[in-house]
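Written out below as structure tokens is the structure these notes cover.
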Amino acid sequence: MKDIQPKLIGLLKKGYCTPQIARMAKKMQEPSTTIHYNVKKLEEEGAVKAYKAVFDYKKIDEGFCAFLLINLSPDEYGNPEKIAKELTKYDEVESVDIITGGWEIVIKIRTKDQDSYYNLVKNVIARKGIIKITTLTSLIQLKTEFVSLDNRA
């Protein structure tokens, strides 16, 4: 059988998922048509942007997770969206937020391992306009995308 898992994972990460209308209807004790209508309405209003699978990242070779706090150079400080938008282009970058406090941007990165992370930082993140990066490494994730992952309890 053909191994399409890497392509499938890529599509699931990009939002190629659908809501489980029948399961929601049963849980809410409402007709499926009512759930479907309301879900479509939320989508049309832009309240629902995408549906995404929640992964056990170790099982798909993306077990290394880090948060990077980024300081911008004075010439880039006035337009943090420029660098933030550039960072969103990379598959390893899971989220990008412009923040307040002692940092301008925080990004969440997922890679296979520490070596892959290092190469990404060296070749992509450490660029003109970024003057300081502090990395916070995730040791274990207990909840993501509103889904509890803690199977140890």
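Every number here is computed from the coordinates shown, using simple stated rules; none is lab data. Since this is a predicted model, take the numbers as computed values, not measurements. Because the Cβ atoms are built from the backbone with ideal geometry, glycine has one as well, and the counts that use them run over all protein chains shown.
General remarks:
- When the residues of the range 85-110 are filtered to those that are among the hydrophobic types (A, V, I, L, M, F, W, C) and touching an Asp or Glu at 6+ places or on another chain (Cβ under 8 Å), the one that is surrounded by the most Cβ atoms within 10 Å (Cβ to Cβ) is I109.
- Of the residues making up the range 25-61, those that are of a type outside the set (K, R) and touching an Asp or Glu at 6+ places or on another chain (Cβ under 8 Å) are V54, F55.
- For beta carbons closer than 8 Å, sequence separation of 6+ or different chains, a first residue in the range 36-55 that is touching a residue at least 60 places away in the same chain (Cβ under 8 Å) and a second that is surrounded by 13 or more Cβ atoms within 10 Å (Cβ to Cβ) and part of a helix (DSSP H, G or I), the qualifying pairs are K52/L12; K52/K13.
- I35 passes every criterion in (1) touching a Lys or Arg at 6+ places or on another chain (Cβ under 9 Å); (2) among the hydrophobic types (A, V, I, L, M, F, W, C); (3) under 23 Å from C17 (Cβ atoms) apart from (1).
- Single match in I140, I107 (criterion: in a loop (DSSP other than H, G, I, E, B), among the β-branched types (V, I, T) and closer than 26 Å to A53 by Cα): I140
- As a summary of the residue check, E76 satisfies the conditions (1) of a type outside the set (A, V, I, L, M); (2) over 24 Å from the mean Cα position of the chain (by Cα); (3) more than 30 Å from G129 (Cα to Cα); (4) in a helix (DSSP H, G or I) except for the one numbered (3).
- Condition met for S116 (of a type outside the set (D, E), more than 21 Å from V147 (Cβ to Cβ) and in contact with a Gly (Cβ under 6 Å, 6 or more places away or on another chain)): no
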